[in-house]
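A short worksheet on the structure shown next.
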Amino acid sequence: MEIAYQHYSKLDSYLYRKFSYQSEFTGFGFSARRWDNNPSPAYTVSYSTDGGDNWTTATDIGSNGVLDNSAFGNSSDWKMFFQRIDTLLTGLEANKFIVKFSATTGERIMVDNFTYEITTEAPDSTTYTGTGNWANGSNWSNGMPGENTNVTIEGFVTVDDIYTCNNFTIAPTGRVTIPETVNQQKGGLWIKGDFLIRSDATGAGSFIGIYDQNLNWNYEVQGTTTVERYISGASYAWHLISSPVSNQAIAGDWIPTSTGYDFYAWNEPTQTWLNQKVSANNITHFIPCKGYLVAYEETGATKTFTGTLNDGAQTLGLTVSGATSYYGSNLAGNPYPSSIDWKGNNNAIDKSKLVGYNASEGVKHYIWNDASGNYGVYSDANAGDAGTNGANRYIAPMQGFFVSAASNGSFLINDSARVHSSQAWLKSGNNYEFRLCVNAPQGYGSDELLLEFGHNVSVGSAEKWFSFVPTAPSIYSPIEDKNSLSDTSAYKTKH
């Protein structure tokens, strides 16, 4: 590394040269010379590793850290100086390493050609914890990673520059964001090995990044990309799921041969569940943005998606042709390896073909909660972030959900809807809600009714979807010939 040609005088006695390379420093050097033919300079050289809070004299340079006539050999020729750092500076943060020249006499010197020495070996593996940028060296357990390092992310990290690593793993607690533009250019993270997003009983890792084979990308994977999906609950607990990859086959551990399973796709025109085990139904691959209903005999199983992660606009075709009370109900799915925000900016999710669009009642999504034996619902007209039975404004990665279509057309989700959230098990309230809960004995299920106050209008509610579990309780409020399980009220409550 070089800097522009500069000279230092007594007036410049606290000019600093800051190194911004995020790595493991072992030394630094520079060229210097006297300014005049017969001067008597005396500059003390010191360095700081914490941004200037503490200083160490560079005793390897000149006369025990002093640039004087003796250090220059009583010559005005250029001379190279180098300071070795015995203690390896592992994970040094940007702009924390500073070199200072402090003048004690009036004669000037010239300094040029700053260089640094770093270790050539990066750790075999290292783990990121805490929250911050990739360049925050103190967040890495074993030092900053190199191109052959296996990386694990357990915290919240933003990839703030262009980096390379070997295998890349996001733990269930991990959140990774790669901005669309890094340093005013495309690029960000090059994964030479495999990419794994893990999931367990505590949650699932989350990733926001864009991949495009036309080089419009901010990450690239040379190996295999795998996303885990932990299946919680009792044996044969029902779950609505969706795929975060583009062409996942419904095969292997998705349809096990040694243990029982059920796998269904929803058909809105006939208002029926289509069984994957019936070959005529042709359910062979996950379709991005489409949800599915699954149940497994095995408990605590972890299923895997493998392939290219979905990004960009994802679309589901909507139909309104069923003849029952659930006509227009379409089973969608979060197509990304991160949560999506149902209540975010209007361009993030195109809800124009859904019931409640541009209406005070809001647009709803429904999620099956097997623990309660009921559907949960959230409306974007809700004042808070919580819905009923665990539904939330944030739809978790790999989560299937129902929407009610008002007309045939398309339901579209854009990248801008993507957020990090622990939604699947999170409930957050607000100051304007009142929640009624009913719990059946002996684990037969539960249900909730959400009342909200303070809205500008008294119209609006989410229609009750009744459980397909006959023993599950139901609680709802009759409103204008509808059975509602949430009510957004301006002036009065409904009973």
Members of the stretch 96-138 that are without any contact (Cβ under 8 Å) to a residue 24 or more places away in the chain and open to solvent by less than 30 Å² (accessible area, probe 1.4 Å): none
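Return yes when Thr284 is open to solvent by 20 Å² or more (accessible area, probe 1.4 Å), over 27 Å from Ala237 (Cα atoms) and modelled with pLDDT of 95 or more and no when it is not.
no
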Single residue of the stretch 23-66 satisfying the filter (among the aliphatic types (A, V, I, L, M) and farther than 20 Å from Glu117 by Cβ) that is most open to solvent (accessible area, probe 1.4 Å): Val66
Close pairs (8 angstrom Cβ cut-off, 6 or more residues apart or separate chains): closer than 27 Å to Asn38 by Cβ in the stretch 74-86, surrounded by fewer than 13 Cβ atoms within 10 Å (Cβ to Cβ) and of a type in the set (A, V, I, L, M, F, W, C) anywhere: none
Residue ID - modelled with the highest pLDDT, chosen from residues in the stretch 90-114 that are over 18 Å from Ala71 (Cβ atoms) and of a type in the set (Val, Ile, Thr): Ile98
The stretch 383-401 - residue that is over 22 Å from the mean Cα position of the chain (by Cα) and buried (at least 22 other Cβ atoms within 10 Å of the Cβ) and, of those, farthest from Trp238 (Cα to Cα): Gly387
Subset of the stretch 326-355 (residues that are more than 20 Å from Ser407 (Cβ to Cβ) and outside any loop (DSSP other than H, G, I, E, B)): Gly333, Ser339, Ile340, Asp341
Yes/no for Ser232 being touching a Gly at 6+ places or on another chain (Cβ under 8 Å) and open to solvent by less than 50 Å² (accessible area, probe 1.4 Å): yes
Test: residue in the stretch 340-352 that is in contact with a Gly (Cβ under 7 Å, 6 or more places away or on another chain) and charged (D, E, K, R): no
Which numbered condition Gly300 misses (of (1) at pLDDT below 95; (2) within 16 Å of Pro397 (Cβ to Cβ)): (2)
Test for Ile231: is it under 27 Å from Leu316 (Cα atoms) and modelled with pLDDT under 95: yes
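For every residue, the table says whether it meets (1) more than 30 Å from Phe195 (Cα to Cα); (2) not hydrophobic (A, V, I, L, M, F, W, C).
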| position | (1), (2) |
| --- | --- |
| Gln276 | no, yes |
| Ile287 | no, no |
| Tyr296 | no, yes |
| Asp311 | no, yes |
| Ala323 | yes, no |
| Ser329 | yes, yes |
| Gly333 | no, yes |
| Asp350 | yes, yes |
| Asp385 | yes, yes |
Residue under evaluation Ile210, criteria (1) without any contact (Cβ under 8 Å) to a residue 12 or more places away in the chain; (2) of a type in the set (A, V, I, L, M, F, W, C); (3) part of a loop (DSSP other than H, G, I, E, B), criterion not met: (1)
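Quick grid of which residues meet (1) open to solvent by less than 20 Å² (accessible area, probe 1.4 Å); (2) in a loop (DSSP other than H, G, I, E, B):
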site	(1), (2)
Gly317	no, no
Thr324	no, yes
Tyr357	no, yes
Tyr378	yes, no
Ala381	no, yes
Qualifying residue in the stretch 329-344 (condition: open to solvent by 10 Å² or more (accessible area, probe 1.4 Å), more than 20 Å from Val419 (Cβ to Cβ) and among the hydroxyl-bearing types (Ser, Thr, Tyr)): no
Strands (runs of 3 or more DSSP E) within the stretch 238-278 that include 1 or more residues closer than 23 Å to Thr224 by Cβ, open to solvent by less than 30 Å² (accessible area, probe 1.4 Å) and not basic (Lys, Arg): 239-241
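Listed here are the residues, each with its yes/no results for (1) touching a residue at least 12 places away in the same chain (Cβ under 8 Å); (2) of a type outside the set (Lys, Arg).
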| residue | (1), (2) |
| --- | --- |
| Asp341 | yes, yes |
| Asp350 | yes, yes |
| Lys353 | yes, no |
| Asn358 | no, yes |
| His365 | yes, yes |
| Trp368 | yes, yes |
| Gly373 | yes, yes |
Cross-chain or 6+ apart pairs with Cβ under 6 Å, the stretch 150-168 first and within 21 Å of Thr226 (Cβ to Cβ) and modelled with pLDDT under 95, then open to solvent by less than 50 Å² (accessible area, probe 1.4 Å) and part of a strand (DSSP E or B): Val159/Leu189; Tyr163/Leu189; Cys165/Val151
Residue satisfying all of: in the stretch 67-86; open to solvent by 60 Å² or more (accessible area, probe 1.4 Å) and not basic (Lys, Arg); farthest from Ser102 (Cα to Cα) among these: Asp86
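The values are calculated or read from the model by the stated rules, or taken from the named source; none is laboratory data. In this text the structure is predicted, and so the values were computed from the model without any measurement. Backbone-built Cβ (ideal geometry, glycine too); neighbour counts: all protein chains shown. Accessible surface areas use protein heavy atoms only, side chains included; no ligands, DNA or RNA. Shrake-Rupley method; radii C 1.70, N 1.55, O 1.52, S 1.80 Å.
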